[in-house]
Amino acid sequence: MNLNIAKLMVVSGCLALAVSGRAETLDFSFSVTNTVGTTPGSFSGVIYGLADNSTGSAADVVITSFPAALNSAVGSAPIDAFSTGWSVQNNSFTVTGGQITAAGFFADAGSGYIYLDLGSSFNALELDDTYYTAYIQGSSGIAYDNFNSYATPEPTILALAGLGGAVLLLRKRK
């Protein structure tokens, strides 16, 4: 392989890395305080993997805390809504300017459910399949506490960087 071509590939790979766009994923902490349900307290969790200025599915939703009075039949916190035994039936979030502006999430485990609906009076957690005997429902919506963003390089940029590295290795062996 011509040395000039190898150099050009390496330089273009490095340039692509330097100017590439990054896909930011946002993670949101949230809490719902009981105002309607039978169990005092609140539940909280994290919504993972949302993209800013778009509508899409969360990569994961994890309940991190809830009152012991819920008598959880699905285990203790953290509860991962995407784990075995849970069926995610609705998963749509809209993020605008770093804030969740619309949400519709429902996961059912047979012995409990998680329901998040921004702007609705129905944000609930039930974990013992007692049909509203022990549950938390917040009528004032969801409080999103904060978010963390994580930059993830695009796959094509990683491929170009890998190609440039492979060319360098091949060049050194000759």
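The values are calculated or read from the model by the stated rules, or taken from the named source; none is laboratory data. On a predicted model such as this, the values are computed, not experimentally measured, just so you know. Every residue, glycine among them, receives a Cβ derived from its backbone with ideal geometry; neighbour counts consider all protein chains shown.
Residues in the range 113-146 that are part of a strand (DSSP E or B) and modelled with pLDDT of 60 or more: 11 in all. Within the range 46-60, the residues that satisfy the criterion of being assigned to a strand (DSSP E or B) and over 11 Å from the mean Cα position of the chain (by Cα) are Ser54, Thr55. Those residues that are surrounded by 16 or more Cβ atoms within 10 Å (Cβ to Cβ) and not in a helix (DSSP H, G or I), I need them from the range 61-76; list them, please. Residues satisfying the conditions are Val61, Val62, Ile63, Phe66, Pro67, Ser72, Val74. For the range 79-113, a residue qualifies if it is exposed (fewer than 14 other Cβ atoms within 10 Å of the Cβ) and either under 20 Å from Ala134 (Cα atoms) or touching a residue at least 40 places away in the same chain (Cβ under 8 Å) (or both), and the qualifying residues are Thr96, Gly97, Gly98, Gln99, Ala102, Gly110.
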